[in-house]
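One structure is given below, encoded as structure tokens.
The values are calculated or read from the model by the stated rules, or taken from the named source; none is laboratory data. This one's a predicted model, so the numbers in the text were calculated from it and none came from an experiment. We place every Cβ from the backbone using ideal geometry, glycine too, and count neighbours over all the protein chains shown.
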Amino acid sequence: MAQQRRVPLSTQRPGSAVCVLGTELALDVCGSAPLGAASFQAQGSQGVKLWVLHDTRSVKLPSSVCRWPLSARPELLLAMERPSKEPGDEKVRVSYFREDGGVPVGRAVLYLTCVEVSLDADVTRSRAVSRTLLDKASWTWGPDGHGAVLLVNCDRDDTGTKGLDNEDSVVRSYEDLQDMAQLVLRTRGPRATFAGHRLLLHLDFADADKIRVFYGGNNVELERFKPVLGDSELSYTVRPSRHQHESVFYVEGLAFPDVDFSGLVSLHVTLLESAEKGTPESPIFTDTVVFRVAPWIMTPNTAAPLEVFVCSVQGNEEFVAAVGALAERVQVPLTVVPAPQNKQDRWIQDEIEFGYIQAPHKTLPVVFDSPRDGGLKDFPIRSILGADFGYVARQAPKGWVSSLDSFGNLEVSPPVTVQGKEYPLGRILIGSSFPRVGGRRMAKAVRDFLVAQKVQAPVELFSDWLYVGHVDEFLTFVPAPDRKGFRLLLASPSACYQLLKEKQEEGFGEAAMFQGLDRVSKPTINEILADEELRKFNDYAQSCISWNRDILKRSLGLAEPDILDIPQLFQSHRKAGAEAEAFFPDMVNMLVLGRHLGIPKPFGPVVGGRCCLEQRVRELLEPLGLSCTFIDDFFTYHIGLGEVHCGTNVRRKPFAFKWWHMVP
């Protein structure tokens, strides 16, 4: 339905009104009727379309009925087809008649000026700002949805500055403008009409800290671009140029969706008029555009790798070399974070998570900085944030940061369908204390942020049974050529005991663990199987993993053939006996680079010249076309309660699927 405005008529003197292209004027024919008038007749000039709403019927004028009874309280509506060349160059005349007809008892004349006022953005998500019949004041999801998209301007295009681009109110480069969304105000009509009215670009008070709008007038010089909306500025008076019908504004996002922000922001342009000079202005037309701020999106292990990160710390040269060799095999660049930057903090997976934001016109990688803040706390700001590489962080209350706030406790599944509901960008997985009361949980600020992004609905798992408490200690995803395109790998004490029992029955009970490792006890298969305390603890660990298995099957729509059990044993932590740590290097805590896997070397019992644990993993994964490389991380990572995945990080290719095409 077109925007409509009621306009009074007068039989005492001619009136005037401005009609905005695409809107309707409802003329108050009854309120202005002279005493004794029983009917009216309406006529418009060539550029005016008239119709009468009478007894719920709409009749275009002129029609076979020339006079309309006032007793039924009809409505007279008009619209105009093109902007006027001069003020008042079109008109409508309403004549009133008594019951017996004859000579009119009064006439009302209204002079009309048509102007175009249109606020437009890329509502069609086509990378172009164009006029559209779609409802710009609404935002809808799905492949047939509409609505403009806004990026948080969270990179740093000018390397000579500190902080993010949206932390100041200055446009420092043309690259900075390219991160913003265009907002185009189109105006056409007589210059005198616009001079006698006021065009106001404005935003809602609640959105003032969510967006900033820049305007450079008709200039292209960067120094001419000034902030006109945002912060404390809620409105800006636009003065249309005599020679230019379009004013182009640039909009940057200041905040991601969060618990107190839906991600939707509105910008409006309002045409104001004064009835008399010195009287207050009143609005006669408003056009609105709604933007949605693009969510931060994680990428799963199954996405193609673009860059591998690892820290160089004292004593891990061989580990770095092994990761580098794997990256070279996959032909993916390796970034080694030097000691001065990592301050001997090797756990780069725990410090950051790579993701991206996307609008139709641009995709921007964005690193999410965890509340952990170890030795690597300055690395994402100093070394990752930059031109076309954004940054976002959430903090936990001081003194309340736990191990579960590290991002080894933050994973995302590949795309899944659950009972007919599609998750084309997968679902985020975080570890929690559930179902145990009073345990550790990921910081509320982080959880709220992840939920607010909407497109990767998080699933909470039970990870507090582990001493470190990260989901990557018992699960990962690898690509597969069949079924859903992936397999979920779960650490499995049951599968490990089954394998060791098989080897014992084959006569290899005296084969020992940890061969070749100095100063490490070397239990045999027989000793492990005879250790009742270890067996009981692993029964407990298996029950925790089985609980998570059921959650994952329900939440990700998985069946048993989608899951592979990777042999693994756990033991009680030496200081916190109720919590678990890996008994030998945790093989699910792996680096996934396409079909190449960097797996922690388990140092299992050697049977027939081969580690039986490695051999079983190969038997499970190689039929999927995966290549298994076992990396020794025992003294460099495992004894520090982490593995290959914990000590590496990967920036991956964004999804081909556009997030706005989904329905959350």
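Every residue, every condition in (1) outside the structural domain of residue 479 (by TED's automatic domain parsing); (2) under 21 Å from the mean Cα position of the chain (by Cα); (3) crowded, with 21+ Cβ neighbours inside 10 Å, yes or no:
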| position | (1), (2), (3) |
| --- | --- |
| 377 | no, no, no |
| 414 | no, yes, yes |
| 445 | no, yes, no |
| 448 | no, yes, no |
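If we scan segment 281-294, do we find a residue that is within 30 Å of residue 266 (Cα to Cα) and in a loop (DSSP other than H, G, I, E, B)? Please lay out each step first, then the result.
Of all residues in segment 281-294, those within 30 Å of residue 266 (Cα to Cα) come to 281-294.
Next cut, in a loop (DSSP other than H, G, I, E, B) only: 281, 294.
Yes, some residue in segment 281-294 is within 30 Å of residue 266 (Cα to Cα) and in a loop (DSSP other than H, G, I, E, B).
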| remark: Of the conditions (1) under 21 Å from residue 550 (Cα atoms); (2) out of contact with any helix residue (DSSP H, G or I) (no Cβ under 8 Å at 6 or more places or on another chain); (3) not small (Gly, Ala, Ser), the single one that residue 398 does not satisfy is (1)
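Against the condition on the phi > 0 side of the Ramachandran plot, among the small types (Gly, Ala, Ser) and outside any strand (DSSP E or B), how does residue 399 come out, does it pass?
On the way: on the phi > 0 side of the Ramachandran plot: yes; among the small types (Gly, Ala, Ser): yes; outside any strand (DSSP E or B): yes.
Yes; evaluated as a whole, the condition is true for this residue.
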| remark: Within segment 403-453, the count of residues that are at pLDDT 95 or above, part of a loop (DSSP other than H, G, I, E, B) and either in contact with a Cys (Cβ under 8 Å, 6 or more places away or on another chain) or closer than 18 Å to residue 545 by Cβ (or both) comes to 1
| message | If residue 472 meets every condition in (1) under 21 Å from the mean Cα position of the chain (by Cα); (2) surrounded by 24 or more Cβ atoms within 10 Å (Cβ to Cβ) apart from one, which number is that one? | response | (1)
| Among the residues of segment 39-92 satisfying the criterion of being acidic (Asp, Glu) and touching a residue at least 24 places away in the same chain (Cβ under 8 Å), which is surrounded by the most Cβ atoms within 10 Å (Cβ to Cβ)? | 90
| request: Name, by its number, the condition in (1) touching an Asp or Glu at 6+ places or on another chain (Cβ under 9 Å); (2) at pLDDT 95 or above that does not hold for residue 356. | output: (1)
| request: Could you list all residues from segment 563-580 that are surrounded by fewer than 18 Cβ atoms within 10 Å (Cβ to Cβ) and among the acidic types (Asp, Glu)? | output: 579
| task | Please enumerate the residues belonging to segment 66-108 that are over 57 Å from the mean Cα position of the chain (by Cα) and either assigned to a helix (DSSP H, G or I) or at pLDDT below 90 (or both). | result | 66, 100, 101, 102
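Looking at 528, 566, 545 in this structure, which one is in the same structural domain as residue 457 (by TED's automatic domain parsing), without any contact (Cβ under 8 Å) to a residue 60 or more places away in the chain and not charged (D, E, K, R)?
Working: 566 fails: without any contact (Cβ under 8 Å) to a residue 60 or more places away in the chain; 545 fails: without any contact (Cβ under 8 Å) to a residue 60 or more places away in the chain.
After ruling out the rest, the residue left standing is 528.
Does any residue of segment 328-338 turn out to be in a helix (DSSP H, G or I) and farther than 15 Å from residue 592 by Cα? Don't jump to the end; show me each part of the working.
The first filter runs over segment 328-338 and keeps only residues in a helix (DSSP H, G or I), leaving 328-330.
Still in the list and also farther than 15 Å from residue 592 by Cα: none.
No.
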| query | Can you find a residue in segment 309-316 that is farther than 30 Å from residue 423 by Cα, surrounded by 21 or more Cβ atoms within 10 Å (Cβ to Cβ) and within 33 Å of the chain's Cα centre (by Cα)? | reply | yes
